[in-house]
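Only one structure is covered here, and it is reproduced in the block below.
All of the numbers you see were taken from the coordinates with simple rules; none came from a lab. Quantities reported herein were computed from a predicted structural model and do not represent experimental measurements. Using ideal geometry, Cβ is built from the backbone for each residue, glycine included, and neighbour counts are taken over all protein chains shown.
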Amino acid sequence: MVFYFTATGNSLYVAKCIDEYPVSIPQAIKNSSIYSDNQIGIVCPVYCGEIPNTVKEFLKESKFDTKYMYLILTYGNSASDCPEFTYNEFKALGINFDYIDTVHCVDNYLPVFDMA
Ligand SMILES: Cc1cc2nc3c(=O)[nH]c(=O)nc-3n(C[C@H](O)[C@H](O)[C@H](O)COP(=O)(O)O)c2cc1C
């Protein structure tokens, strides 16, 4: 089972490389639930060095029954310490990410990214 959050499609692209039918976090968040699977993945962008608030809310309000939980972060310029920060933030809340990795994508943070 793979959940994704995307604004411009990078994270959806990555999620679809892992699972043919990934689940949209903004859709899933409407019904807080318990998710059970052999592996559960989260794919989302880095926003200002952290994961988006909607993804944080989803993680905090859901229960995950799995032996292997992973997080894939897409980023445009630098993921900085987002992997470590998110690992520690959620470990303290009882969610243990077994694996975290980053994927460099097209930057959509237009205030600093030169589209030209
Ligand atoms: C509000 C905002 C903040 C962002 N902050 C970062 C950042 O701190 N570091 C970075 O490398 N990219 C940052 N980006 C770029 C995105 O992480 C990157 O383009 C990502 O792949 C977009 O994924 P999406 O197409 O699934 O929305 C930011 C983008 C937005 C819109």
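What residue, of LYS63, LYS16, is without any contact (Cβ under 8 Å) to a residue 24 or more places away in the chain, of a type in the set (Lys, Arg) and more than 26 Å from ASP114 (Cβ to Cβ)? Spell out the reasoning first.
Numbers: LYS63 fails: without any contact (Cβ under 8 Å) to a residue 24 or more places away in the chain.
Unique residue meeting the criteria: LYS16.
Can you pull out the residues in the stretch 8-32 that are surrounded by fewer than 13 Cβ atoms within 10 Å (Cβ to Cβ) and either more than 30 Å from PRO111 (Cα to Cα) or of a type in the set (A, V, I, L, M) (or both)?
Within the stretch 8-32, GLU20, TYR21, LYS30, ASN31, SER32 meet the criteria.
Look through the stretch 59-78, keep the residues that are away from the ligand (no atom under 14 Å from the Cβ) and under 10 Å from the mean Cα position of the chain (by Cα), and return whichever of them is surrounded by the fewest Cβ atoms within 10 Å (Cβ to Cβ).
TYR70
List the strands (runs of 3 or more DSSP E) that sit entirely inside the stretch 1-66 and contain at least 3 residues that are touching a strand residue (DSSP E or B) at 6+ places or on another chain (Cβ under 8 Å) and farther than 19 Å from TYR87 by Cβ.
Filter on the stretch 1-66 gives 34-36.
Would you mind telling me which numbered condition in (1) exposed (fewer than 14 other Cβ atoms within 10 Å of the Cβ); (2) closer than 17 Å to PHE5 by Cα; (3) not aromatic (Phe, Trp, Tyr) ASN96 fails?
Answer for ASN96: the failing condition is (2).
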